[in-house]
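**Q** Dumping the structure here so I can ask a few things about it.
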C-alpha cells in the first residue's frame, strides 16, 4: 500500500509541483487549501501534468488557525510543509508571527499523528548575509542574523520560522524527524498564471514592463527540481535532522534577458536590453518603497552552495537556461504575456 503524504499549500507554485511529483512517483497525496472552494483549482492545475485518479484528496486548513489540522494530518506517513501564511506586507508583526506560528502548528499536528518525517520549506533568506555585505557564498551552516538592522520582514520571518521549527522538534526529542529545504529563487514552468512568485519577474521582462534591467543577480532553482529535493529528503535516511540548500547556478538578470531573447525570438521582443545604472535605482527608491528591498542587492553576488544536497541526496539542478525558457514558454501558453 502506498504511503500517504500531506502537502500544505496545494494552490501554490511549489506546493502544486510537489503534489505532481509525488503522484508521479505513486504516492497517495492529501493537500491543504485555505478554502474548500479552491479544490477545483488544485485538481485543474495538477491534472495538467498527471492523472491523479483517486490518489489525491484536498482538505481545508488555514495556517492561522488550529481548525482542520488534526484531520488533515490523520493517517499521513509524511508531510511536506510548503505553505506560507498570508502576511500583511512589510509589517514585521504581520509577517514574522504568522510564519513562525503556522510552522509550529503543522509540527504539533504532525507529531500528534505520529508522522514519520516533516520536510519544511524554509528559504535561502534564512542563510543569507546582509545584502549590502561583500560578495560571498554560503552553505547550510550559516544563519541569517535576525538582529541585522537592515533585514527585511520577509527574510527575518523565514529565519525565525525555521529556527522555531528546529527548537521545537529538538525540545520534543524529534529532531531526526525534521528536514528543512532552503531554496534560492524559484523559477520554471507555471501551472497557473496566479501566484507567480519569482516568475513574475520573468513575466515583467516578457511584457516589457520596465525600461531596463537592474544589475541584480541570484541563484536559480527550477521548481521541478525543488519538488524533487523535497521528495528525496522525505524518505532518505541520510537526510534525517538535516538542512539542505536547493540552488542551481547564480545568474545576473541581464543574462536572463539574453537567454530569453535568444531562445524565444519574437516572443521575447519586449525584453529590455539596456542595463539600468545603479545610481538611478537608488535615487528612485527614495520615492518608490517597492524598490527599497532590492537596492542593497544591486551589484552584489551572494551565492548559495548546494554541494551538500548534491552529495548527500544525489540531487542535481538543471541548467538555468532550461528553467528560464521552460518557464517563459509556460507563461506564454497561459496567456499572461501580452
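Laboratory data are not the source of any read-out in this text; all were calculated from the coordinates shown. Model, not experiment: these values are computed from the prediction. Cβ: placed from backbone, ideal geometry, glycine included. Neighbour counts: every protein chain shown.
**Q** Given springs between every Cα pair under 10 Å in a Gaussian network model of the chain, which of 136, 123, 74 has the largest fluctuation?
**A** 136
**Q** Subtract the Cα-Cα distance of residue 101 and residue 37 from 0.36 nm times their separation in residues, and report this length gain in nm to one decimal. Let's see the in-between values first.
**A** On the way: separation 64, 0.36 × 64 = 23.04 nm, distance 2.45 nm.
Extra length from residue 101 to residue 37 when fully extended: 20.6 nm.
**Q** I'd like the orientation of helix 223-235 relative to the chain: the angle between its Cα long axis and the longest Cα principal axis, in ° from 0 to 90, rounded to 10.
**A** So the inclination is approximately 30 degrees.
**Q** Please compute the length gained on full extension between residue 307 and residue 283, using 0.36 nm multiplied by the number of residues separating them and subtracting their Cα-Cα distance. Could the numbers behind the result be given before it?
**A** Working: separation 24, 0.36 × 24 = 8.64 nm, distance 3.82 nm.
Extra length from residue 307 to residue 283 when fully extended: 4.8 nm.
**Q** Still on this structure, please answer the following. Relative contact order of the stretch 142-239: what whole-number percent is it, with Cα pairs under 8 angstrom and at least 6 residues apart? Mind dumping the intermediate values first?
**A** Working: 51 pairs, mean separation 26.2, N = 98.
Across the stretch 142-239, relative contact order equals 27 percent.
**Q** Quick one: if the Förster radius is 56 Å, what FRET efficiency do residue 207 and residue 1 give, using the C-beta to C-beta distance and rounding to 0.05?
**A** After rounding, the FRET efficiency stands at 0.75.
**Q** Cα-Cα pairs above 27 Å in the chain: how many percent? Please report the intermediate quantities before stating the final value.
**A** Numbers: 25329 of 56953 pairs.
Counting every Cα pair in the chain, those more than 27 Å apart make up 44 percent.
**Q** Does anyone have the angle between helix 13-24 and the longest principal axis of the chain? Alpha-carbon axes, 0 to 90°, nearest 10?
**A** Orientation of helix 13-24: about 50 degrees from the principal axis.
**Q** Quick check: the distance between the Cα centres of the stretch 2-64 and the stretch 167-229, to the nearest angstrom?
**A** 18 Å
**Q** Let me have the relative contact order for the chain, percent, based on Cα pairs under 8 Å that are six or more residues apart.
**A** Working: 689 pairs, mean separation 61.5, N = 338.
Computed value for the chain: 18 percent relative contact order.
**Q** Angle check, please: helix 153-171 long axis (alpha carbons) against the longest principal axis of the chain (alpha carbons), in degrees 0 to 90, nearest 10.
**A** Helix 153-171 and the main axis of the chain meet at about 20 degrees.
**Q** Oh, and also: Tell me the label-point distance for the pair residue 333, residue 215, using the 7 Å Cα-to-Cβ offset, in nm and rounded to one decimal.
**A** Inter-label distance under the simple model: 3.8 nm.
**Q** OK, next. Sorted by mean Cβ packing within 10 Å, highest first, what order do the peptides 319-325, 15-21 take?
**A** On the way: 319-325: 20.0, 15-21: 27.4.
Output ranking for 319-325, 15-21: 15-21, 319-325.
**Q** At 222 nm, what helix-only mean residue ellipticity would the chain give, in deg cm²/dmol to the nearest 500, using -39500 (n - 2.57) for each DSSP H run of four or more? Intermediate results must be reported in sequence, preceding the final value.
**A** Values: 11 runs with 129 residues, N = 338.
Using -39500 (n - 2.57) per qualifying helix, the result is -12000 deg cm²/dmol.
**Q** Still on this structure, please answer the following. Multiply the residue separation of residue 66 and residue 273 by 0.36 nm, subtract the distance between their alpha-carbon atoms, and state the gained length in nm to one decimal. Please report the intermediate quantities before stating the final value.
**A** On the way: separation 207, 0.36 × 207 = 74.52 nm, distance 4.94 nm.
Value of the extension gain: 69.6 nm.
**Q** Considering Cα pairs under 8 angstrom that are at least six residues apart, work out the relative contact order of the stretch 39-111 and quote it in whole percent.
**A** Working: 49 pairs, mean separation 21.1, N = 73.
RCO, the stretch 39-111: 29 percent.
**Q** Calculate the spin-label point distance for residue 240 paired with residue 133, positioning each point 7 Å from the Cα along the beta-carbon direction, and give it in nanometres.
**A** For residue 133 paired with residue 240, the spin-label model returns 3.3 nm.
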